[in-house]
Every structure is written in C-alpha cells, then in structure tokens.
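Every number in this text was worked out from the coordinates using simple rules, so none of it is lab data. Given the structure is predicted, the values throughout are model-derived calculations rather than measurements. Ideal geometry is used to build each Cβ from the backbone, glycine not excepted, and the neighbour counts take in all protein chains shown.
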Amino acid sequence: LAKTTQPISMDSYEGQEVNITCSHNNIATNDYITWYQQFPSQGPRFIIQGYKTKVTNEVASLFIPADRKSSTLSLPRVSLSDTAVYYCLVGDMGDKIIFGKGTRLHILP
Amino acid sequence: EAQVTQNPRYLITVTGKKLTVTCSQNMNHEYMSWYRQDPGLGLRQIYYSMNVEVTDKGDVPEGYKVSRKEKRNFPLILESPSPNQTSLYFCASSLLGAGNQPQHFGDGTRLSIL
C-alpha cells in the first residue's frame, strides 16, 4: 500500500482555480490514483481517477507526472459549495483502502 | 436509482447489547466495505469483501464481524459493543476492487454506545 501525503488544509476564494497536490512516493506499478470529496456527515463522493498523464471530467482534472510519485487535483472556478474535505487514495484492485486525513478546503466569498 | 442503503441511520444503545448495521447495494457490485470515521482520525477501513463468502480485515477490525452471504448485502455486526465503538459508520461498494474502481458510499450510520 502506498502511503499518501496531502496538505492538511487550504483556503481559496470563489472563482479561483484550486490545485491540491498529493504525494505518493511508493506508488506501485498497478496502482491507480483516486480522489474523493466529503461533506460533513455525508459519505465520500468519487471525483476522479487516473493512472497516468491527465484525466478530465465535468468537475475536475487530475494531473499525474511521468514518475507518478505525486498527483494534483485541479478544481476550476470553485464556489462556496466546494468547501469540503478531499481525499487522495492510491491502490490496486484488491488492496486495503487507506483514506488518510485528507485536505480540508475552505472556499471564501 | 443506484444506491448503497444503510440501516439504521442513527442508533443509541448500551454496552454489550449485540447490534447489526445492515448494508445493501443494488448495483451488482462485487466489492463491499465498511469504514468508521472519528474526529481527527479520518476514515478507517474495518472489513471488506471482494465477493460472496470472501471477507478480509481492514485496518481496524477488532470488535467487529461481517458476513457476505449474498452479493447485495454486507452487514456489520457488533457482538458486544463498547463505548469506543461510538462512531460514524459508512458502507461502500464498487464494481470490483476499491483500489482502482470508484466506490459508492451510503449515507452513514451514527452509533452511540453508552
């Protein structure tokens, strides 16, 4: 299991692009990188997943450099409703899952 | 609607009284898992199941049991609950394993053990 390291918290303003970086130095060849969003007292919600290079969907982009030892979740033009905890996970199909403590993102008006 | 359903949503009970939290998914997912979430500790995996009759321990399995007799159901059993099991619990499922597949989470069960 690759351990992940994320900033504990971040602040940003409405309308800005927010980038949250996750470090996973021991990522294995078959591991994928997955990001979840969680609001208070709700279950985590899947945001995006990738293996290498760049993945984009309707809510976020995920940038993964060639060495795959880190990844960056990019949220374009954030709003107050993006205030949440964001978790980076690294793993393969049958792995135990370690969520860590995530990054608490606070969006200011 | 695709969903993971947990019951009950809230429960207050006493030490030693056996309880079961049910979890059901309607997506025909192979993989199911239980997590607990405590302030300052994040989400920690309790048990997971890759398929029917296949279960494995997560990071914090002590004091819990699970069973997977049918694909859709994955109940969490506390045989003799103790106050340190007071927590917010989430059930999740994914098509195959959770490391490389998106997990779908239930709405959570808040347990208070007095």
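Quick look at the values:
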| quantity | calculated |
| --- | --- |
| Residues that are crowded, with 16+ Cβ neighbours inside 10 Å, free of Cβ contacts under 8 Å to residues at least 24 places away in the same chain and more than 29 Å from B:Tyr89 (Cα to Cα), drawn from segment A:27-83 | A:Val55, A:Ser61, A:Phe63 |
| Residue ID - farthest from B:Thr55 (Cα to Cα), chosen from residues in segment A:70-109 that are among the basic types (Lys, Arg) and part of a loop (DSSP other than H, G, I, E, B) | A:Arg77 |
| Matching residues in segment A:91-109 - criterion: being of a type in the set (A, V, I, L, M) and either facing chain B (nearest Cβ under 8 Å) or more than 13 Å from the chain's Cα centre (by Cα) (or both) | A:Met93, A:Ile97, A:Ile98, A:Ile107, A:Leu108 |
| Residue count, segment B:48-57 (criterion: surrounded by 16 or more Cβ atoms within 10 Å (Cβ to Cβ), touching a Gly at 6+ places or on another chain (Cβ under 9 Å) and free of Cβ contacts under 8 Å to residues at least 40 places away in the same chain) | 0 |
| Flag if A:Lys3 is out of contact with any Lys or Arg (no Cβ under 8 Å at 6 or more places or on another chain) and among the charged types (D, E, K, R) | yes |
| Residue under evaluation A:Ala60, criteria (1) small (Gly, Ala, Ser); (2) within 11 Å of chain B (Cβ to nearest Cβ); (3) under 12 Å from the mean Cα position of the chain (by Cα), criterion not met | (2) |
| Conditions (1) within 20 Å of B:Pro83 (Cα to Cα); (2) in contact with a strand residue (DSSP E or B) (Cβ under 6 Å, 6 or more places away or on another chain); number of the one not met by B:Met32 | (1) |
| Residues located in segment A:31-57, provided they are of a type in the set (D, E, K, R) and either farther than 18 Å from A:Val18 by Cα or at the interface with another protein chain (Cβ under 8 Å from one of its Cβ atoms) (or both) | A:Asp31, A:Arg45, A:Lys52 |
| Strands (runs of 3 or more DSSP E) completely within segment B:58-114 that count 2 or more residues being crowded, with 17+ Cβ neighbours inside 10 Å and within 10 Å of chain A (Cβ to nearest Cβ) | B:87-94 |
| Strands (runs of 3 or more DSSP E) contained in segment B:1-47 and holding at least 1 residues more than 10 Å from chain A (Cβ to nearest Cβ) and buried (at least 23 other Cβ atoms within 10 Å of the Cβ) | B:19-25, B:31-38 |
| Filtered residues of segment A:14-25 (kept if part of a loop (DSSP other than H, G, I, E, B) and more than 14 Å from every other protein chain (Cβ to nearest Cβ)) | A:Glu14, A:Gly15, A:Gln16, A:Glu17, A:Asn25 |
| Condition check for B:Gly58: touching a strand residue (DSSP E or B) at 6+ places or on another chain (Cβ under 7 Å) and on the phi > 0 side of the Ramachandran plot | no |
